[in-house]
Amino acid sequence: KPRVFSAMQPTSDSLQLGNYLGALVHWVKLQDTHDAIYGVVDLHALTVAPDPAVLRARTRRTAAQFLAGGVDPTRSIVFCQSHVPEHAELAWLLSTFTGFGEAGRMTQFKDKSAKVGESGTNVGLFTYPVLMAADILLYDTNVVPVGEDQRQHLELSRDLAQRLNARFGEGTVVVPEPHIVKETAKIYDLQEPTKKMSKSAVSPKGTIEVLDDPKKVAKNIRSAVTDTGDVIAFDREAKPGVSNLLTIYSAIDGRSVDQLVAEYEGKMYGHLKSDLADVVVEFLTPFHDAAMEWIESPDRLDSVLEDGAARATAIARPTLERLYDKVGLLAPM
Ligand code: ATP
Ligand code: MG
């Protein structure tokens with residue numbers, strides 16, 4: 001079976017709807033056809049200087065949400081990045097193959113460091129995409145399901161893989177393919193529908209936190225920014241707010257955007273928002289309950305992560321040793 005790898009950062013208590021629809025839904029589907037590995041990437045989360053106790057709690061909560069969303073730990077590997085030190089080791093090796101200018105072109109670094117200012121940013125945030133490439137290449141990954149925001153980082157992972165193959169021979173590493181599902185690749189903030197929804201830069205009224213109180217989720221949807229005019233139509237340029245709502249509706253309900261547009265012909269924005277609020281709350285309720293069950297049984301959760309780390313290491317260690325050998329590091333006695 002081809003292999004799929006993907007991951008999320010434990011940077012919040014709850015995933016946001018974009019993580020769920022843009023990534024998690026596809027993770028769950030790919031389990032049927034792929035050998036799947038899904039990580040809670042806690043080393044990545046260190047780049048935003050989290051409180052230690054909060055980071056630990058969020059690491060468990062993030063894993064709990066993978067499981068609640070349908071990731072099956074008996075089939076797929078669910079693990080915590082720092083439990084497999086090969087990630088950090090391969091990241092170092094890859095950093096020596098990454099151009100300084102190349103890393104400097106990453107737009108996520110520019111965006112995230114602009115928010116904290118030059119003195120607040122750190123080298124970890126700069127080398128983040130190199131660690132991400134290590135996460136992927138370590139498992140000879142074929143497919144990486146992510147949102148649109150990760151396209152550039154994936155491209156860097158591919159460039160690094162191709163560089164290693166050019167230098168050390170074809171087949172040294174697998175060149176990964178992005179799996180970005182157009183319809184749900186970018187879910188936008190409800191208040192600023194041209195900006196991606198994101199779990200660390202939470203805008204209290206613009207983000208749908210999937211573990212939030214259903215009343216608040218519904219309220220945020222009902223007060224989502226819509227556009228001038230009163231026709232419900234899909235048009236990203238002219239109607240980013242309504243288009244985002246239609247995207248979310250279609251992803252959850254299964255009807256196509258066109259079908260929804262036909263159904264809401266002649267109706268008002270308020271109708272759409274109020275129906276969507278009901279649909280989202282109904283969708284999230286069982287997820288919420290399942291996640292809470294996992295969160296309230298940390299021992300059970302930890303044993304999933306322990307098992308996952310052992311299975312991940314069994315794949316990661318040989319890959320790292322193979323690459324250490326290729327670059328000329330002396331094997332330990
Ligand atoms: P952070 O603000 O901490 O970066 P994030 O919401 O961007 O949080 P990540 O952990 O960085 O979440 O990404 C997890 C996955 O969710 C990635 O595959 C990413 O592409 C995807 N993703 C993040 N935001 C969205 C979004 N708005 N729409 C679709 N997919 C998204
Ligand atoms: Mg992100």
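For this structure, a couple of remarks:
- Boolean, SER198 is polar (S, T, N, Q), within 14 Å of ligand 2 (Cβ to nearest atom) and touching a strand residue (DSSP E or B) at 6+ places or on another chain (Cβ under 8 Å): yes
- Region 1-25 residues that are over 21 Å from TYR139 (Cα atoms) and more than 10 Å from ligand 1 (Cβ to nearest atom), paired with ones that are among the aromatic types (Phe, Trp, Tyr) and assigned to a loop (DSSP other than H, G, I, E, B) (beta carbon under 7 Å, 6 or more apart): none
- Region 304-318 residues that are of a type in the set (Lys, Arg), paired with ones that are at pLDDT 95 or above (beta carbon under 9 Å, 6 or more apart): ARG311/ILE37; ARG311/ILE77; ARG311/PHE79; ARG317/VAL84; ARG317/GLU86
- Selection within region 113-136: residues that are in contact (Cβ under 8 Å) with a residue 40 or more places away in the chain and under 17 Å from the mean Cα position of the chain (by Cα). The member of this set that is farthest from TYR38 (Cα to Cα) is LEU125.
- Once region 150-168 is narrowed to residues that are surrounded by fewer than 17 Cβ atoms within 10 Å (Cβ to Cβ) and within 15 Å of the chain's Cα centre (by Cα), the residue that is farthest from ARG222 (Cα to Cα) is GLN152.
- Residue tally, condition in contact with a Ser or Thr (Cβ under 7 Å, 6 or more places away or on another chain) and within 16 Å of ligand 1 (Cβ to nearest atom), over region 140-168: 4
- Selection within region 62-111 - among the hydrophobic types (A, V, I, L, M, F, W, C) and under 19 Å from ALA316 (Cα atoms): ILE77, VAL78, PHE79, CYS80, VAL84, ALA88, LEU90, ALA91, TRP92, LEU93, LEU94
- Subset of region 67-107 (residues that are within 16 Å of ligand 2 (Cβ to nearest atom) and surrounded by 15 or more Cβ atoms within 10 Å (Cβ to Cβ)): GLN81, MET106
- Residues of region 3-48 that turn out to be of a type in the set (Ser, Thr, Tyr) and either on the phi > 0 side of the Ramachandran plot or part of a helix (DSSP H, G or I) (or both), as a count: 2
- Residue in region 207-216 that is within 16 Å of ligand 2 (Cβ to nearest atom) and over 21 Å from THR285 (Cα atoms) present: no
- Subset of region 169-205 that is surrounded by fewer than 21 Cβ atoms within 10 Å (Cβ to Cβ) and not in a loop (DSSP other than H, G, I, E, B) - its residue that is farthest from ligand 1 (Cβ to nearest atom): GLU177
- Residue match in region 207-225 (condition: in contact with a strand residue (DSSP E or B) (Cβ under 7 Å, 6 or more places away or on another chain), more than 15 Å from TYR20 (Cα to Cα) and modelled with pLDDT of 95 or more): no
The values are calculated or read from the model by the stated rules, or taken from the named source; none is laboratory data. Just so we're clear, the structure is a prediction, and the values are computed from it rather than from any experiment. All Cβ positions, even for glycine, are placed from backbone atoms using ideal geometry, and neighbour counts span all protein chains on display.
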